[in-house]
1. If I ask for residues that are surrounded by fewer than 21 Cβ atoms within 10 Å (Cβ to Cβ), touching a residue at least 60 places away in the same chain (Cβ under 8 Å) and touching a strand residue (DSSP E or B) at 6+ places or on another chain (Cβ under 7 Å), which ones from the range 128-146 would you list?
2. When only residues in the range 224-236 that are under 14 Å from the mean Cα position of the chain (by Cα) and not in a loop (DSSP other than H, G, I, E, B) count, which is farthest from residue 125 (Cα to Cα)?
3. Exactly one condition in (1) at pLDDT 95 or above; (2) surrounded by 15 or more Cβ atoms within 10 Å (Cβ to Cβ); (3) within 20 Å of the chain's Cα centre (by Cα) is false for residue 241; which is it?
4. Among the residues of the range 59-73, is any farther than 29 Å from residue 250 by Cβ, in contact with a strand residue (DSSP E or B) (Cβ under 9 Å, 6 or more places away or on another chain) and either in a strand (DSSP E or B) or modelled with pLDDT under 95 (or both)?
5. Tell me whether the range 176-190 contains one or more residues that are in contact with a strand residue (DSSP E or B) (Cβ under 8 Å, 6 or more places away or on another chain) and surrounded by fewer than 16 Cβ atoms within 10 Å (Cβ to Cβ).
6. Looking at the range 246-273, which of the residues that are within 16 Å of the chain's Cα centre (by Cα) and assigned to a loop (DSSP other than H, G, I, E, B) is modelled with the lowest pLDDT?
7. Do we find a residue being within 23 Å of residue 106 (Cβ to Cβ) and surrounded by fewer than 19 Cβ atoms within 10 Å (Cβ to Cβ) anywhere in the range 151-161?
8. Which numbered condition in (1) surrounded by 14 or more Cβ atoms within 10 Å (Cβ to Cβ); (2) at pLDDT below 80; (3) closer than 30 Å to residue 59 by Cβ is the only one that residue 285 fails?
């Protein structure tokens, strides 16, 4: 990952990692409705007339156990509304298995003129379906895992979408204890290579375990969720390989791609508080977590910590 700091402008430019949103669901405080994004960019908020049970034992720490009429929403943003070349993963443990109950919803309506992503339990309520629409009005992309779900069991889920390379993959794999390999991911993946969509746009907000902004309709997911992650193409390719997904399964999304510390200007000082044109001025700086550092204008790259003499001049 490359990071760049511009000291004179106090600018901060970071290159995003391919993990762009992550909800560990490890919070235990029952008095807060905030659902924390591990990357501290897109926190969610609990919704609905019911409340999830926090601190629910899961495969990677703890999760939330959502009763019907509960869930959480996240304000729309590019990180949580992916459009192309992305991967979405999570763990889930269904309590109820009802037709079309939603894990993730950014799609409104039932017509093919809609836009967004719907990940639900499909028409029979026992298989995971991913439905993607781009608003073209005539076609969509739908992929359903053939695995029949059992209430009370933990499952790993992944959606991988790449319209440029013409594939949409849905992976659903039951946890049986112990680590897995890429071959287990491959054997649990259903792939469609004839797509009815291009780049995805989104019609509505972002809802997890709910089908609307208030978790007030009849198609909310009932059960536990954990380790929700969204990967996109930034510095790295956003579509994870089978080997990558096996690592996410085994160790969790954060262990696979831990967020890098943000580059920070700890101090930036001059030895004079006031000066005239022609005076000699010493600038000192201290930074952390920057891959590269540059003073602009007219100076160029410098070390992360240091000092330099400059001759002051007036500019207009």
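1. 135
2. Ranking the candidates gives 232 first.
3. Residue 241 satisfies all of (1) at pLDDT 95 or above; (2) surrounded by 15 or more Cβ atoms within 10 Å (Cβ to Cβ); (3) within 20 Å of the chain's Cα centre (by Cα) except (2).
4. The answer is yes; a qualifying residue exists.
5. Checking the range 176-190: not a single residue is in contact with a strand residue (DSSP E or B) (Cβ under 8 Å, 6 or more places away or on another chain) and surrounded by fewer than 16 Cβ atoms within 10 Å (Cβ to Cβ).
6. 260
7. Checked against the condition, which is being within 23 Å of residue 106 (Cβ to Cβ) and surrounded by fewer than 19 Cβ atoms within 10 Å (Cβ to Cβ), the range 151-161 yields no hits at all.
8. (3)
The values are calculated or read from the model by the stated rules, or taken from the named source; none is laboratory data. These numbers were taken from a predicted model, which means no experiment stands behind them. Because the Cβ atoms are built from the backbone with ideal geometry, glycine has one as well, and the counts that use them run over all protein chains shown.
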